[in-house]
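Worksheet: the structure to be examined is printed underneath.
Nothing in this text is a laboratory measurement; each read-out follows from the coordinates by a stated rule. Just so it is clear, the structure is predicted and the values come from calculations on it, not from any experiment.
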Amino acid sequence: MIANNQKHPTQGKPMPAKPYSSGHIGAVAGNYTQMRISGAVKQQLVELLCEELDRLVPQMESETLAQDPERKTLDDPNRTRLNYNRTRELMIDRINTIDSVGSAAVQAGIEHIEQHLAKILKHAEAAAEKDRVSTIKPRHLDLAVSGMGLDGDGELVEQEVTEETETLIVGQGGGVLTRSSLLSLARSHAKMPVTDDAVEELIDTYYMVVEKLEGDIRAHAQLGGNPVQFIESIARMQTLMSLGWMRSMLTRAASNARERGYKRIDIEQIVHLDPY
């Protein structure tokens, strides 16, 4: 029996949560490396991730309250995410054989649907820009859906259509830059696979360099500008348009990865390269 002046063990501050298990972290880490991970490293990873939560959660809490001082639930202060419970309910409505939907499936579903939304809006935005308007209207969405090859159920009719709509035009006569073309370049020039994060970083860096070169060309083309610098900028732009820059970046990234004993190019190899 518990005395009147004693707290029930289930009352008051809750017991601290158990950390991740090293086996679970090892399984998750397997998504990001092809190497085996020792047991000691798995345990260290558990500690490192918990330390990151020590830093992240108070920051998120502070930012959440800064946006809404009355809020009682921790939120993502940086972006609005699809509602977890509503997404779970919608997924449950659509399963046939399995009885329920786990949290990992809901998280994966949210990530997929948000990426799908982003892709649709990207194409609709492009259609609106062609009309020189700043509002996405139904006709722009119709063009996006048609261009993506979506049927009435929202599914892709053909995989080739998706690849075509994801094409990013580099220049006339210079070829095109797509996810598949980058993967092909990685196989032919880097001689190793490249992760999705590295591909995204490469594309972002590519257009950052293009934007800077365009600014240099405009500056040097002005009356009185240095013609040597103008010619050099044009030459660098031609290299970019012919994908020579991309080949060079992939080759250097692959060399960096091999020096570190990696079997694929990850974002780490890209961000440490000088793109200029």
Check your understanding: On alpha-carbon atoms, Rg over Rh for the stretch 65-124 using Kirkwood Rh?
Key -> 1.07
Study note, to complete from the structure: The Cα radius of gyration of the stretch 16-79, divided by 2.2 N^0.38 Å with N its residue count, comes to 1.45
**Study point:** 16 Å Cα-Cα reach of K191 towards lysines, excluding residues that sit fewer than 8 places from it in its own chain
**Key:** K263
Check your understanding: Between I265 and residues 5 or more places away or on another chain, which pairs have amide H atoms under 5 Å apart, with H built 1.01 Å from N, and which residues are they?
Key -> V194, T195
Check your understanding: Count of lysine pairs in the stretch 36-147 with Cα atoms under 20 Å apart, counting only pairs 8 or more residues apart in sequence or on different chains?
Key -> 4
